[in-house]
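A.B. asks: This is the structure I have questions about; it appears just below.
Nothing in this text is a laboratory measurement; each read-out follows from the coordinates by a stated rule. Just so it is clear, the structure is predicted and the values come from calculations on it, not from any experiment. For neighbour counting, all protein chains shown are included, and Cβ atoms are generated from backbone atoms with ideal geometry for every residue, glycine included.
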Amino acid sequence: MPPLSQPEKDQLIAQISLELSKTPFACKSLTQLTNGTTNFVFRAVLTHPLPLDALDGGAGNAESTTTAAAATSTKTVIIKHSTAFAALNKDLPIDVSRCVVEESMLNALFTWNSQNTTSTFRIKIPRLHLFIRGTDTNTQVLEDIHGAVDLKALLISPSLTANSNLSHSHAMSIGRALGSWLRDYHAWVSTRSQADLRAEIEANEPMRKLKYCISYNSFIEVIQRFPEISCTEFDKKILKDAKDMAMEEFDRKATAEEGEEWGIIHGDFWTGNVLLVLPERQQAEEETDLFIVDWEFTQFGHRAYDIGQMIGDLLERKHFMQIDAAVWVLEGFIDGYGAVSEDMAFRIAVHTGVQLITWVTRGPPLHMRPAWATRERVVSIVELGITFILKGWNKDMEWLKSSVLAGLLKDEQTVI
């Protein structure tokens, strides 16, 4: 997985700086941020601080788009530069059209998002200030969310957790806000008024293929890496059937009558894509900003993909690091999303299992992982994922009602 060499990275930074010099966002420095698997992400210090309500500039010869912004000034912005290869692996090709999809989603969500708040949380989408479209690269200039940490970092960092006073009630509230927002998003993007947006997003086939590749197309191979994991022939057949089912799902095309289990999804809904701005001394009743980021995986798909990915991700935090707050967020998330049909709950179980198993493929080889990722724990999370898939596939109601997914069935009067 070779990243860019330092000379290649220096050349890339010079190229981006030149692009920005033709816009109101000319910068005097670009600092690369650590988050960014598929894209190069930087914090830019602007040469001249700008009032955000005056950001109507063009992008030289590049095609550009601007969005409305509040009347405040900024000294920094986030630069998201996308190429036809992954930032962490220059030998891995990724379709650069993903950024055009993200541009459309950010512009559409900014208007809708401003109408969706709760008494405790404001769920927001970062403002897209400028989009520079090139032949084989795209560059986004995004709002810099000062003081933000991602939910994953908040959960796994003892110092962050201690400083933010992430109590049981506050963790539950964060999860509940995320679940409620996700259900609202799934409903909003399915409305008649968003038909044109759906038509555009449904064409995002490259990212559908990538999502299938890194999830259902790889989880059986992961299991086979661990000879100490025993599966009966019957179990192996179920796992293969689950993979085949997903292959058909990812080939499925949108129709006029999809039902509420299918539609446009976020596509990469996990704790690393949730940013929080926390006051220095967080109180349960204080209003907190939550930002949902990284929309390039947005695609047509089963909504269990969004729900199961977040649940699986939170279970990973608990499994490896014994973080109770992850379970509290999970419980709130399920409560916030609300009750679903039995079929949907079992489908969520299957996807949760796939998410757990493919933890192995997300990141460096096991010998380069942190000390808490012992082989025993890795084997255990793969076995846990297998259990979720088998129980979900077999529609084991007794298991479901005793699992962390039980809350999905609590209100059968309002199922989807």
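A.B. asks: Run the quick spin-label model on K240 and E342: label points 7 Å from Cα toward the beta carbon, then report their separation in nm to one decimal.
C.D. replies: If labels sit at K240 and E342, their model points lie 2.9 nm apart.
A.B. asks: So, with +1 on the Cβ of K and R and -1 on the Cβ of D and E, and no other charges, what is the size of the charge dipole of the chain about its Cα centre, to the nearest 20 debye?
C.D. replies: Computed about the Cα centre, the dipole is about 840 debye.
A.B. asks: Tell me the label only: which of [x] 109, 62, 38; [y] 61, 53, 49; [z] 63, 49, 47 is Cα extents along the principal axes in Å as calculated from this structure?
C.D. replies: Matching entry in [x] 109, 62, 38; [y] 61, 53, 49; [z] 63, 49, 47: [z].
A.B. asks: With everything on Cα atoms, drop me the angle between helix 233-251 and the longest principal axis of the chain, reported from 0 to 90° to the nearest 10.
C.D. replies: The angle comes out near 30 degrees.
A.B. asks: Additional query: Can you give me the long-range amide H partners of Q299? Hydrogens built in the peptide plane at 1.01 Å from N, cutoff under 5 Å, separation of 5 or more residues or another chain.
C.D. replies: I265
A.B. asks: With runs of 4+ DSSP H residues as the only contributors, calculate the mean residue ellipticity of the chain at 222 nm using -39,500 (n - 2.57) per run, divided by the residue total and rounded to the nearest 500.
C.D. replies: Mean residue ellipticity at 222 nm (helix-derived): -14000 deg cm²/dmol.
A.B. asks: Could you derive backbone 3J(HN,Hα) for segment 128-135 from the dihedral phi with the Karplus parameters 6.51, -1.76 and 1.60 (θ = phi - 60°), listing whole Hz in sequence and x where the residue is Gly or Pro?
C.D. replies: Per-residue couplings from phi come out as 8, 7, 7, 10, 10, 9, x, 6 Hz.
A.B. asks: Return one number: the angle in degrees, 0 to 90 and rounded to the nearest 10, between the long axis of the Cα atoms of helix 6-21 and the longest principal axis of the Cα atoms of the chain.
C.D. replies: That helix lies at roughly 60 degrees to the long axis.
A.B. asks: Still on this structure: May I ask you to derive the relative contact order of the chain, considering only C-alpha pairs under 8 Å and at least 6 residues apart, and to give it as an integer percent?
C.D. replies: Rounded, it is 16 percent for the chain.
A.B. asks: Rounding to the nearest 10 and keeping the result within 0 to 90°, find how far the Cα-based axis of helix 342-357 lies from the longest principal axis of the chain.
C.D. replies: That helix lies at roughly 70 degrees to the long axis.
A.B. asks: Straight-line reach from K152: which lysines have a Cα under 19 Å away, not including same-chain ones fewer than 8 places off?
C.D. replies: Partners within reach: K124, K318.
A.B. asks: Another question about this same structure. If the label point is 7 Å along Cα→Cβ of Q11, which residues in segment 122-160 have backbone nitrogen under 19 Å from it?
C.D. replies: 134-139
A.B. asks: Here is a further query. Rounded to the nearest Å, what's the spacing between the alpha carbon centres of segment 12-32 and segment 347-413? Just the number, please.
C.D. replies: 43
A.B. asks: Here is a follow-up. Show which lysines lie in cross-link reach of K236 when reach means a straight Cα distance below 21 angstrom and same-chain residues fewer than eight apart are skipped.
C.D. replies: K391, K395
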